[in-house]
Structures are given as structure tokens and as C-alpha cells.
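The structure appears right after this line, and notes come after that.
Every number in this text was worked out from the coordinates using simple rules, so none of it is lab data. None of the values given here were measured: they were computed from a predicted structure. Neighbour counts run over all protein chains shown; Cβ positions are idealised from the backbone, glycine included.
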Amino acid sequence: MKLRIMVADDHEVVRRGLVALLQAHEGWEVCGEAADGREAVEKAKQLKPDVVVLDVGMPNLNGLAATRQLSEQDPRCKVIVLTITDSDQVIREALDAGARGFVLKSDAARDLVAAVEALQRNRMFFTPRVNDMVLAGFLDKEHGGARDSAPRLPQLTPREREVIQLLAEGKSSKEVATVLNLSTKTAETHRSNIMRKLGLHSIRDLVLYAIKNNIIQVQLSNQTPRPEQESVPSGS
Amino acid sequence: MEVAQAQQAIYIQGFRALNTFMAVRILIVDDHPVVRHGLKVLLGEHPGWEVIGEASDGVEAVDKAVTLDPDVIVLDVTMPRMNGLEACRRILQKDPNCEILVITQYDSQQMMREALACGARGYIVKSNAARDLLAAVEAVSQHRSFMH
């Protein structure tokens with residue numbers, strides 16, 4: 001029986017590339033595609049894929065929040081997170097959300113097939129940096145957590161994570177309520193709880209927080225690249 | 001009169017068909033292999049077009065433009081070693097007949113103006129590439145501008 005894979009990325013050209021890469025592997029089929037995290041969660045409910053390849057920076061519901069929902073929805077479903085950065089925080093959140101694989105977008109052509117193969121054999125797949133972090137975390141536990149000095153983010157509920165992303169993307173409480181099928185009052189309560197937990201005082205603070213913590217990603221639009229310049233994060 | 005009109009219609013249809021299948025040799029330049037792969041898949045959907053090469057930065061693009069002599073280059077802007085705008089200038093200095101379609105993440109009038117100033121014939125934004133790419137390559141391959 002073929003391994004059924006779903007691909008979620010908001011850039012169709014990247015999705016096409018990923019799909020072509022995965023379809024070329026014997027015994028694998030891409031059973032569905034999604035353009036944001038919310039669509040990925042909905043489609044996974046119907047399609048029941050074995051593996052979901054999820055971009056982190058997607059609108060509506062980002063890849064980390066979608067990973068969390070997918071893992072809760074179907075614990076058999078294995079998620080590979082595709083990301084433009086392997087910062088400590090993104091790694092920590094991806095692992096915490098239940099991702100079994102972690103691949104940098106810039107290395108996807110090289111690593112993605114290996115990652116899916118690893119998950120097919122019930123193993124995990126991480127970049128060398130993630131491996132180092134996982135090992136360091138293990139050693140910390142062995143030594144009573146003395147070296148775990150990295151700051152942790154205040155605990156937001158999965159619903160609050162969804163709300164903060166939508167607010168940071170410019171939606172009003174009413175629009176958030178519509179997207180999440182809540183009453184406006186409930187959306188407003190989530191909003192106040194988020195502001196209180198994070199110590200934020202304005203929507204501007206909230207947007208800055210969301211950018212800083214990779215909840216949303218910003219596309220640069222008015223900068224001219226220097227003649228010699230590396231790709232900026234949105235990378236695709 | 002009717003015969004003449006019928007002849008004209010047949011001529012137009014034939015010209016369109018010929019145009020559809022006109023061979024276009026394309027070089028793809030982007031530093032991300034997955035994006036190159038996706039662009040190749042999209043371009044492969046058009047009959048008669050051939051992706052003759054790929055490059056992952058501006059320096060490689062200039063070299064391959066000289067050796068492969070493509071009709072159209074689909075050129076990313078932000079790349080290591082040499083960015084797409086600089087590569088565009090250098091390629092057109094060596095081969096003014098080559099047509100360049102800039103494809104970028106920057107949805108910016110300023111960037112579009114700079115690409116045009118460098119000699120690019122077309123400019124599309126990556127997030128719309130799946131929608132615009134084929135129409136844009138078709139336009140620039142016929143020496144028409146395509147800006148979105």
C-alpha cells in the first residue's frame with residue numbers, strides 16, 4: 001500500500017516543487033494539498049494522510065499551530081515541519097507541537113525525501129542543529145535541568161495561538177470570531193486574555209510580538225537587495 | 001468574400017497553433033532547489049517549451065546564459081554571490097536578445113522599476129507565480145512586456 005502524503009504551503013510554486021519531489025518516489029502518493037494550516041487540518045480529517053509536510057509560515061493558521069491540531073486530531077499522522085529558520089524557539093515549539101521531522105526549506109530538495117523515509121520507518125528526522133538541541137535537552141534532564149536557561153514563552157492555549165495569529169494578520173475580533181466559529185464576545189475574551197498573559201498593551205505590541213516569535217512572517221516589500229545578498233527568510 | 005474570411009480564419013488559427021507550440025528555451029535561476037523544481041513543473045505544462053538549464057545564483061546564471069544561449073531566463077532577485085538585478089544587467093550586456101523575466105518575493109513598484117531599468121522584460125511576484133508564470137513567459141518570449 002502506498003504511503004499517503006499531504007503537502008501544505010501557501011506558495012503554489014513551492015507546493016508544486018514539493019509535490020513533484022515526493023511523487024517521484026516509488027510507493028508514495030501525494031493525496032492532498034493545502035494553502036494554509038486551517039485547510040491542512042480540515043483536509044487531513046477527510047483524507048487521513050500518513051504524513052503531512054507543513055510549512056511553518058502560513059496565513060490563517062501557521063504550521064506550528066496546525067501541527068498541534070493535527071497531532072491531537074490523529075496521533076497516527078506524522079508531521080514534518082518545513083521552516084526557513086532553525087531558531088531555538090521554532091525548534092522547541094515544533095517538537096512541543098508533536099512534529100516528527102524538521103527540514104529547512106533551503107535544504108528541502110536534499111532532505112525531504114530522507115525525512116519522509118525516516119518517518120516511514122517510524123523514526124524521526126531532524127537537522128543537525130535540532131539533533132544538538134534534543135541531545136542538549138536530554139543531557140539537561142540528566143543533570144537536573146541546570147543548563148536549561150533559555151527563556152520560555154508564556155503558555156498560550158492552542159485557541160489563543162490561533163487568535164493571536166489572526167489578530168496579528170489584521171483581523172478584527174468580529175472577523176476572528178467568524179473564522180473560528182465563535183461569538184464575538186468569546187473572541188474578545190481570548191484577545192484580553194492574550195494581552196494580559198503576554199503583558200501587551202496595544203495591537204501594535206501584539207503584532208510585534210507575533211513577528212518576533214515567528215507566529216506570523218513578514219514579507220519585505222520596499223528594499224533593494226545589494227548586489228551580493230543572501231535570500232531573506234520568506235525564502236521561496 | 002466568405003471564402004476569403006474562411007481563409008483568414010484558418011490562417012489565424014494556424015498562426016495561433018504555431019505560436020502555442022513555438023519552442024522556447026528557458027533557463028531557471030533561483031537559489032532554492034524546491035522553487036526551481038516547482039517552476040520547472042509549471043513550465044513543463046506548456047507544450048514546446050524546454051527548460052535547458054538551472055542556476056542557483058547570479059554568477060552561475062551569467063555563465064549559463066553565455067554557454068546555453070536561452071531565449072528566456074526566469075530570474076530570482078535575492079540570491080547569494082550576485083543578485084538577480086546585477087545578473088540581469090550583465091547577461092543583457094553579453095546578449096541583448098535574451099529576454100529576462102524577473103520573479104521575486106518583492107511586491108514593490110520600486111523593485112519593478114529597478115528590474116525594468118536593468119533591462120528585464122517581465123516582472124512577477126512569487127506568490128502569484130502559479131497564476132502568472134506561463135502568461136509572462138509567453139509574453140516575454142514574444143518580446144512583449146509582462147508586469148504584475
Inset, instruction - Quick one, can you get me the convex hull of the C-alpha atoms of the range B:23-147 expressed as volume per residue in Å³? - result: 85
Legend entry - Cysteines in chain B lacking a second Cys C-beta under 4.7 Å: B:CYS98
Inset, instruction - Give me B:MET82, B:MET111 ranked fewest to most by other Cβ atoms within 10 Å of their Cβ, as a rough exposure proxy. - result: B:MET82, B:MET111
Inset, instruction - Find out how many positive minus negative residues lie around B:ARG25, taking Lys and Arg as positive, Asp and Glu as negative, among other residues whose Cβ is under 12 Å from that of B:ARG25. - result: -3
Inset, instruction - Evaluate the distance, in nm, between pseudo-label points positioned 7 Å from the Cα of A:ASP205 and of A:SER192 along their respective Cα→Cβ axes. - result: 1.6
Legend entry - Amide proton proximity set for B:ARG81, modelled H, under 5 Å, gap of 5+: A:GLN229
Inset, instruction - For the range B:59-73, just list the computed ³J(HN,Hα) in residue order, Karplus coefficients 6.51, -1.76 and 1.60, θ = phi - 60°, integers in Hz, with x standing in for Gly and Pro. - result: 5, 5, 4, 4, 4, 6, 4, 6, 6, 9, 6, x, 7, 9, 10
Legend entry - Cα-derived Rg over Rh, computed across the protein assembly as shown with Rh taken as Kirkwood radius: 1.03
Legend entry - Other-chain or far-sequence residues with amide H under 5 Å of B:TYR106's (modelled H): B:LYS126
Inset, instruction - Go through the range B:42-148 and name the trypsin sites (Lys or Arg not before Pro) that are in a DSSP coil and have 14 or fewer other Cβ atoms within 10 Å of their Cβ. - result: B:ARG144
Legend entry - Net charge over other residues, Cβ less than 15 angstrom from the Cβ of A:GLU162 (K, R count +1; D, E count -1): -2
Inset, instruction - Would you look at the GNM of chain B, springs on alpha carbons closer than 10 Å, and say which of B:VAL59, B:VAL137, B:VAL72 moves the most? - result: B:VAL59
Legend entry - Residue-count net charge about A:LEU18 - beta-carbon cut-off 11 Å; Lys, Arg +1, Asp, Glu -1: -1
Inset, instruction - Compute the label zone of A:THR184 within the range A:34-72: residues whose backbone N is under 11 Å from the point 7 Å along Cα-to-Cβ. - result: none
Legend entry - HN-Hα J in Hz across the range B:31-47 - Karplus 6.51, -1.76, 1.60, θ = phi - 60°, x for Gly and Pro: 7, 9, x, 5, 5, 4, 4, x, 5, 5, 4, 4, 5, x, 6, 9, x
Inset, instruction - Let me know the whole percent of all Cα-Cα pairs from the range A:158-212 that are separated by more than 19 Å. - result: 15
Inset, instruction - Could you list B:CYS88, B:CYS98 in order of exposure, starting from the residue whose Cβ has the fewest other Cβ atoms within 10 Å? - result: B:CYS98, B:CYS88
Inset, instruction - For the range A:18-119, state the average projected area of the convex hull of the C-alpha atoms over all orientations, rounded to one decimal in nm². - result: 5.8
Inset, instruction - Among the GluC sites (Glu not before Pro) in the range A:1-81, which ones are in a DSSP loop with at most 15 other Cβ atoms within 10 Å of the Cβ? Mind listing them? - result: A:GLU26
Inset, instruction - Would you pull out the residues with amide H under 5 Å of B:ILE73's amide H, same chain only if 5 or more places away, H placed 1.01 Å from N? - result: B:LEU27, B:GLU99, B:ILE100, B:LEU101
Legend entry - Computed label-point distance, nm, for sites A:VAL134 and B:ALA135 using a 7 Å Cα→Cβ extension: 4.6
